[in-house]
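What follows is one structure encoded as C-alpha cells, with my remarks underneath.
The values are calculated or read from the model by the stated rules, or taken from the named source; none is laboratory data. The structure displayed is predicted, hence computed values, not measured ones. Ideal geometry is used to build each Cβ from the backbone, glycine not excepted, and the neighbour counts take in all protein chains shown. Note: accessible area is taken over every heavy atom of the protein model, side chains too, but ligands, DNA and RNA are not part of it. Shrake-Rupley method; radii C 1.70, N 1.55, O 1.52, S 1.80 Å.
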Amino acid sequence: MGNIPAREAVVHMTTYRRQPLTLVRGQGTRVFDDEGRSYLDFIAGIAVDALGHAHPGLTEVIAKQAGTLIQVSNLFYTEPQIELAELLVGNSALDRVFFCNSGAEANEAAIKMARKWGILNRNGAYEIIATHNGFHGRTLGSVAATGTPRYRDPFGPMIPGFIFVDYDDVDAIKAATTEHTAAILLEPIQGEGGVNVPAPDYLKRVREWCDQQGILLILDEVQTGTGRTGTMWAYEQAGIEPDIMTLAKGLGGGVPIGAMLAKEACAIFEPGDHGSTFGGNALSSAAGAYVVRQLVEGGVLQNVQARGEQLEKRLAGLEDRSPLVAGQRGVGLLRGLVFASDIAPDVATKAMAHGLLVNPVRPNVVRFLPPLNVSAEEIDEAIDIIDAVLTEIAAG
Ligand SMILES: *Cc1c(COP(=O)(O)O)cnc(C)c1O
C-alpha cells in the first residue's frame, strides 16, 4: 500500500485537512487503520454510517443489488427507487420525492423548486431567507445559501437571492421577509455550525410565519434526518411539518444518495425542469430502503433514543467533573461537548491516540455522531476516553 499520505500529497487536490490516519476496514462502530489499530468511530463518515460498518444485512442487500442491477438512468423505472420513495413518503409528512446523490444536490433541487414556486405563485418572488452559520453544501447554489462567508468569498459573485439572518431569531426572519421572499431555508439543528439547538418553539413560530405570509418552509434535514435525533425526522419533535425537506448523509448507510421531498402543492417540477443521471439508482435506493426499514421496523430509532439519553447523561457527567467543559448540547445521537476554551482540536487528536474518533466541529466544540445502532458499552467506552483525555489536558 505504501505511504498513502505521501502519495495523496502528489496527486490529490489539497481540499481536505486530513487526520494522519489511513483506514482500511470497519466492523460495527469500529474502524481499523493500516497498522491494525482499532478506533471507536464516533464520526461515522460524518453522520453517514447509520448502521455502522460492514453491517451484515446492508452488505447483503448491496451485494445482491450490485449483482442484479446497479444503474439504468432515470429514462427507465426500477423497483428499488419506487420502493424507497414509498418508504420515505409513507413515513414522513411529505408527498413526493426527487432523488439525487448528496446533500448539496438535494438543496440545489429544493432551491430551484422553491424559486419556481415563488415565481409562479408569489408574483415573481425568488428570494430565500437562510441563516448565519448554516450549512447547505459546497455547490454554487447550496454554498450561496450557506451563511459562512469564507465558504463563499473566494468564488466571485454568488447567485443572488439569498438573505441571511441569525439562527434561532424569529423576529429577524420577520424583518427580512418581503414581497420578494419565496421561502425560508433552515436546519432543525445547525450541525456543521456547531450543533446549535434552537429554542423549543423556534420552528413552530417560523412555520406560523410562513403560513401567515404564504411562503415555503424548507428544512435541511441532511444531517438531522433519517433517525439521527431519535425520531425519523427532527421536525416531528417541533410539532410542525415542512413544505420541503432535504436528505442525504445517513439515508444510504454509506452509499451516496440524496433526496428532496415536498408537499403535493409545491412539488411543481415538470419533465425537463430538473434531473440527475445517477439519482436514486437501483443500488443506492436498495441501500436506502434497507436503512429506512431498519429505522422504522428494526428497532434502530428506539436505540437512538436510549443511547442518546445515555450519551447526554455521560456528557453531563463530564461537565460536572471537568472545569475544561462549559456545557453540552444536541438531540439524540447528534451531540456536541462545549469547552471553556479552544481545546476541541487537541481533545480530538488525543482521543484518536486513545482509540476514539470524534470531530472538532468548532474550536471549542467536539461533535459526537456515532452509528445509530451504537451499543451502550461503546458509548461508555467513548466517554471514558474523553474523560481520560480531559484529565490529561488538565494535568498539562
Ligand atoms: C453535510 C450537509 C450538507 C451537504 O451534504 P453533502 O453530501 O456534503 O453535499 C448539507 N446540509 C447539511 C445540513 C449538512 O449537514
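Inside region 353-396, residues that are buried (at least 19 other Cβ atoms within 10 Å of the Cβ), part of a helix (DSSP H, G or I) and either of a type in the set (Asp, Glu) or touching a residue at least 60 places away in the same chain (Cβ under 8 Å) (or both) make up a count of 7. Checked against (1) under 21 Å from residue 276 (Cα atoms); (2) crowded, with 18+ Cβ neighbours inside 10 Å, residue 138 passes all but condition (2). The set of residues in region 307-353 being under 21 Å from residue 377 (Cα atoms) and touching a Gly at 6+ places or on another chain (Cβ under 7 Å) consists of 308, 319, 328, 330, 331, 332, 333, 334, 336. Tell me yes or no: at least one residue of region 230-244 is under 12 Å from the mean Cα position of the chain (by Cα), buried (at least 24 other Cβ atoms within 10 Å of the Cβ) and modelled with pLDDT of 95 or more. Checked region 230-244: at least one residue is under 12 Å from the mean Cα position of the chain (by Cα), buried (at least 24 other Cβ atoms within 10 Å of the Cβ) and modelled with pLDDT of 95 or more. Scan region 97-120 and give yes if some residue there is more than 15 Å from the ligand (Cβ to nearest atom), over 20 Å from residue 274 (Cα atoms) and not in a strand (DSSP E or B), otherwise no. Within region 97-120 (the criterion being more than 15 Å from the ligand (Cβ to nearest atom), over 20 Å from residue 274 (Cα atoms) and not in a strand (DSSP E or B)), the answer is no, since none of the residues qualifies.
Is region 88-95 home to any residue that is of a type in the set (S, T, N, Q), surrounded by fewer than 24 Cβ atoms within 10 Å (Cβ to Cβ) and not in a helix (DSSP H, G or I)? So that I can check it myself, show each step before the final result.
Let us first name the residues in region 88-95 that are of a type in the set (S, T, N, Q), namely 91-92.
Applying the additional criterion that residues be surrounded by fewer than 24 Cβ atoms within 10 Å (Cβ to Cβ) yields 91-92.
Pick out the ones that are also not in a helix (DSSP H, G or I) and you get 91-92.
Within region 88-95 (the criterion being of a type in the set (S, T, N, Q), surrounded by fewer than 24 Cβ atoms within 10 Å (Cβ to Cβ) and not in a helix (DSSP H, G or I)), the answer is yes, since at least one residue qualifies.
Taking the stated definitions as given, is residue 276 crowded, with 24+ Cβ neighbours inside 10 Å and in contact (Cβ under 8 Å) with a residue 60 or more places away in the chain? So residue 276 does not fit the description; no.
Put simply, of 312, 297 the only residue that is open to solvent by 60 Å² or more (accessible area, probe 1.4 Å), within 26 Å of residue 27 (Cα to Cα), of a type outside the set (A, V, I, L, M, F, W, C) and touching a strand residue (DSSP E or B) at 6+ places or on another chain (Cβ under 8 Å) is 312.
Residue count for region 185-206, restricted to those that are free of Cβ contacts under 8 Å to residues at least 40 places away in the same chain and of a type in the set (D, E, K, R): 3. If you go through region 321-332 one residue at a time, do you hit one that is at pLDDT below 95 and in a helix (DSSP H, G or I)? Within region 321-332, one or more residues are at pLDDT below 95 and in a helix (DSSP H, G or I). Looking at region 138-230, the helices (runs of 4 or more DSSP H) lying wholly inside it that each contain 1 or more residues that are away from the ligand (no atom under 16 Å from the Cβ) sit at 149-152, 170-176, 202-213. Scan region 93-152 residue by residue and report those that are in contact with a Ser or Thr (Cβ under 9 Å, 6 or more places away or on another chain) and free of Cβ contacts under 8 Å to residues at least 12 places away in the same chain. The one that is in contact with a Ser or Thr (Cβ under 9 Å, 6 or more places away or on another chain) and free of Cβ contacts under 8 Å to residues at least 12 places away in the same chain: 152.
Where strands (runs of 3 or more DSSP E) sit wholly within region 1-73, those with at least 1 residues that are open to solvent by 50 Å² or more (accessible area, probe 1.4 Å) occupy 23-27, 30-33.
The lone criterion from (1) modelled with pLDDT under 95; (2) under 21 Å from residue 194 (Cβ atoms) left unmet by residue 396 is number (2). Can you spot a residue in region 35-44 that is within 16 Å of the ligand (Cβ to nearest atom), within 22 Å of residue 295 (Cβ to Cβ) and out of contact with any helix residue (DSSP H, G or I) (no Cβ under 8 Å at 6 or more places or on another chain)? Yes, region 35-44 contains a residue that is within 16 Å of the ligand (Cβ to nearest atom), within 22 Å of residue 295 (Cβ to Cβ) and out of contact with any helix residue (DSSP H, G or I) (no Cβ under 8 Å at 6 or more places or on another chain). Of all the residues in region 319-348, those that are polar (S, T, N, Q) and without any contact (Cβ under 8 Å) to a residue 60 or more places away in the chain number 2.
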